[in-house]
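**Student:** The following block contains the structure, expressed as structure tokens.
The values are calculated or read from the model by the stated rules, or taken from the named source; none is laboratory data. Being a predicted model, the structure only gives us computed values, none of them experimental. All Cβ positions, even for glycine, are placed from backbone atoms using ideal geometry, and neighbour counts span all protein chains on display.
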């Protein structure tokens, strides 16, 4: 990189980080099995509301909450074990940290995720958690503590979560991959699925966590989702 004065260096550093984040996001989507068409739709939707991401970052800068590295712990977010929360985040990271903290307090944990369960277990040290992996693959090897679910079979997904929360003891259900469910089913069926999950959790006094990047939804859609869940962190 050519030499620059002190005023240019912060700009170029931010520019470089922005490029890295953009390409890493595309790689993440491809690695999770999204088709070229799905990646195109998701990227275009994020670009259309990129100003919202900039505004959010500006607020974090003002509050001194900007992380200096990917693995540096973020500020703690307090949740209660018997409520439902939207976890606002660009990538599904903090949802698993919150679930792990509840697990440490004695709660059973079910992670509904588009990410590979082994990756989540390794990164977040969640050896005790059970997983419901959203995948369209029919030849997934059987793994202890891991079940699979089709993203287009929302009835089966709700049923699996219901069976988990019905078991004895406190329970936490962490749902990641909502953008994938929307891409496969549309927003309205996905919202109905979230409503049913929330109802099942409330009946059993379980904690429901739903990871969401607000920029992947329109203002109306996000408002409906937030209204249904009731709490945001």
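**Student:** Does residue 115 fit the bill of being touching a residue at least 40 places away in the same chain (Cβ under 8 Å), in the same structural domain as residue 216 (by TED's automatic domain parsing) and crowded, with 17+ Cβ neighbours inside 10 Å?
**Tutor:** Yes.
**Student:** Can you find, within the stretch 40-81, the residue that is surrounded by the fewest Cβ atoms within 10 Å (Cβ to Cβ) among those that are assigned to a loop (DSSP other than H, G, I, E, B) and modelled with pLDDT of 70 or more?
**Tutor:** Among those that are assigned to a loop (DSSP other than H, G, I, E, B) and modelled with pLDDT of 70 or more, it is 78.
**Student:** Go over the candidates 167, 163, 184, 195 one by one and state the one that is surrounded by fewer than 21 Cβ atoms within 10 Å (Cβ to Cβ) and assigned to a loop (DSSP other than H, G, I, E, B).
**Tutor:** 167
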